[in-house]
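Notes for the one structure printed next.
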Amino acid sequence: MSSKDIVRVGVIGSGAGEFHLKGYGEDDRAEVVAIAGLDTDRVVKLANQYGVKDTHREYQEMLARDDIDAVSVAVPNFLHMPVALAAFEAGKHVLVEKPLARNAAEGVAMVEAARAHNKVLGVSFQRRTRHDVQLLKHAIDNNEFGNIYYAKAWWMRRSGIPGLGSWFTSKEAAGGGPLIDLGVHVLDMLMYVMGNPEVHSVTGTTYAQIGPTGRGGWPGRGRFEVTAEQPYEVEDLASAFIRLKNGGTVLLEASWASFTEMVDDFGIQVYGPEGGARIFAKQYALTDSLEIYKNFGDTTQDSKPRTFAREGHGQVIHSFIDAILNGAPMQPSGLEGLANIQLIDAIYKSAALGREVILDEEIAQISE
Ligand SMILES: NC(=O)c1ccc[n+]([C@@H]2O[C@H](COP(=O)([O-])OP(=O)(O)OC[C@H]3O[C@@H](n4cnc5c(N)ncnc54)[C@H](O)[C@@H]3O)[C@@H](O)[C@H]2O)c1
């Protein structure tokens, strides 16, 4: 393999950044040459663990290097846009963690910058690479259920606020709470299996009933330890009713903390005239999670296809490297990340205004 067949990568961020280090390790067309992060001890530890030569503190030092072709951006949400724009300016391809950005306007700027610099922009929605999601997409593409007219997506935790009092609970730093943290994942899974239907409008609501009282934290997650006390400014539960342009509707729910039978469970469900299906990932289960409902004779039968335990950043990174080296389509693409954050932005807007929001009219769009 010649050096031009190798993509030289920098990973920015040492929390979720570790998933990227693992993922690049699974693709021999990629070489991670540096890690950046403000938490030097952890950055150095990861560099040793994954055999990475160089470390940096600020991301700007890394972007100034000319021996890096691409970066993974795994920093708090408020930094996604500025880091991505600086990376494109420095001639790098960008794989950004979810959400694409804090809101639609930032997402638009990122997609437009990627186009202007002719670089790849991808988003780490790795949960769509789950085997159950892939099987369901295949079934829907094969028209096994007819046109999906109703669907649901949810991610509900009983007590799982990440880093109570950290950047996660700052509106400015995170852009929102569980909707922009967890809801984006299940929304991506659902829109992906449904073939990215266009959205007409949304009605959203948000609540903060538990987080502001200091309850609902996620115990035992040391990586999110809090250094500075930050008031609880985001929602702890959100729900939305989404109208699609094709006449279908979607119900979305996301919570970090709520009194529910669920512990930390997510899923999607689709309803068509000829059948339906549900993926229920109970506490992140990767197997035994897909159910199909179809008629056998006159009765509706439940079936449970076997699924392999497969998901992860490795698959997204494989697509990223393919897009860079071979011009293959990036999956999940920056445009998909933008459609996702446009919808999230519209839900927050609807919740704030107390009325329905029409996407094409009220949410930032790219200029074609
Ligand atoms: N895809 C997933 O399943 C998944 C899982 C967890 C987090 N995430 C996403 O990853 C992103 C980061 O979340 P996290 O949980 O890793 O947060 P974190 O707080 O654990 O880590 C943030 C990292 O960013 C670094 N950073 C901050 N400012 C920087 C700067 N100026 N220069 C260089 N590095 C800087 C910090 O030092 C730290 O290493 C978020 O967008 C989050 O939504 C995705």
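The values are calculated or read from the model by the stated rules, or taken from the named source; none is laboratory data. Owing to the predicted nature of the structure, the values given are computational and were not obtained by experimental measurement. Heads up, the Cβs are rebuilt from the backbone with ideal geometry, glycines too, and the neighbour counts pull from every protein chain shown. Side chains included, ligands, DNA and RNA excluded: accessible areas come from the protein's heavy atoms. Shrake-Rupley method; radii C 1.70, N 1.55, O 1.52, S 1.80 Å.
Among 35-48, 237-250, how do they line up by average Cβ neighbours within 10 Å per residue, starting with the highest?
Packing order, densest peptide first, comes out as 237-250, 35-48.
Could you check what % of the DSSP bridge pairs in the chain are antiparallel, to the nearest 5?
Restricted to the chain, the bridges split so that about 60 percent are antiparallel.
Segment 32-79 to segment 316-368: how many Å between their Cα centroids?
Centre-to-centre (Cα) distance: 26 Å.
Among Ile321, Asn246, Ser303, pick out the residue whose Cα is farthest towards the positive end of the charge dipole of segment 231-368, where Lys and Arg carry +1 and Asp and Glu carry -1 on C-beta, about the Cα centre.
So the residue furthest toward the plus end is Ser303.
Report, to two decimal places, the Cα Rg of segment 131-310 normalised by 2.2 N^0.38 Å (N = number of residues).
Compactness ratio reported: 1.12.
For the chain, restrict the atom set to alpha-carbon positions and state the Rg and Dmax in Å.
20.3, 66
With a 1.4 Å probe and every protein chain left in place, tell me how much accessible area Asp322 has, in Å² to the nearest 10.
The accessible area comes out at roughly 40 Å².
Tell me, what are the semi-axes, in whole angstrom and largest first, of the equivalent ellipsoid of segment 3-126 as set by the roots of 5 times the Cα gyration tensor eigenvalues?
Each semi-axis is the square root of five times an eigenvalue, giving 21, 16, 13 Å.
Using θ = phi - 60° and the Karplus curve 6.51 cos²θ - 1.76 cosθ + 1.60, what whole-Hz ³J(HN,Hα) does each residue of segment 267-272 get, with Gly and Pro shown as x?
Coupling constants for segment 267-272: x, 9, 9, 10, 10, x Hz.
Give me the number: length gained by fully extending Tyr207 to Tyr50, i.e. 0.36 nm times residue separation minus the C-alpha to C-alpha distance, one decimal in nm.
Difference between extended and current length: 52.4 nm.
Can you give the accessible area per residue of segment 3-126, in Å², using a 1.4 Å probe?
Roughly 39 Å² per residue, with all protein chains present.
How many percent of the accessible area of the chain is carbon or sulfur, using a 1.4 Å probe?
Here it works out to 50 percent.
Putting +1 on Lys and Arg Cβ atoms and -1 on Asp and Glu Cβ atoms, find which of Ile344, His185, Ala86 reaches farthest to the positive end of the dipole of the chain.
His185
In whole Hz, with x marking every Gly and Pro, tabulate ³J(HN,Hα) for segment 353-368 from phi via Karplus 6.51 cos²θ - 1.76 cosθ + 1.60, θ = phi - 60°.
Once θ is set to phi - 60°, the couplings for segment 353-368 become 8, x, 7, 5, 10, 9, 4, 4, 9, 10, 10, 4, 10, 6, 7, 5 Hz.
For the peptides 158-170, 206-218, what is the packing order when you average, over each peptide's residues, the other Cβ atoms within 10 Å and list the highest mean first?
Those peptides, ordered most packed to least, come out 158-170, 206-218.
If I histogram all Cα-Cα distances within segment 97-221 using bins 5 Å wide from 0, what percent of pairs lands in each bin?
Over segment 97-221, the share of Cα pairs per 5 Å bin runs 2, 8, 14, 19, 17, 16, 12, 7, 3, 0 percent.
Classify segment 237-368 as rounded, prolate or oblate, taking a ≥ b ≥ c as the square roots of the eigenvalues of its Cα gyration tensor: rounded when a/c is under 1.5, otherwise prolate if a/b is larger than b/c and oblate if not.
Note, shape of segment 237-368 comes out oblate.
Which value, in debye to the nearest 20, describes the size of the charge dipole of segment 272-368 about its Cα centre when Lys and Arg Cβ atoms bear +1, Asp and Glu Cβ atoms bear -1, and nothing else is charged?
Roughly 480 debye, rounded to the nearest 20.
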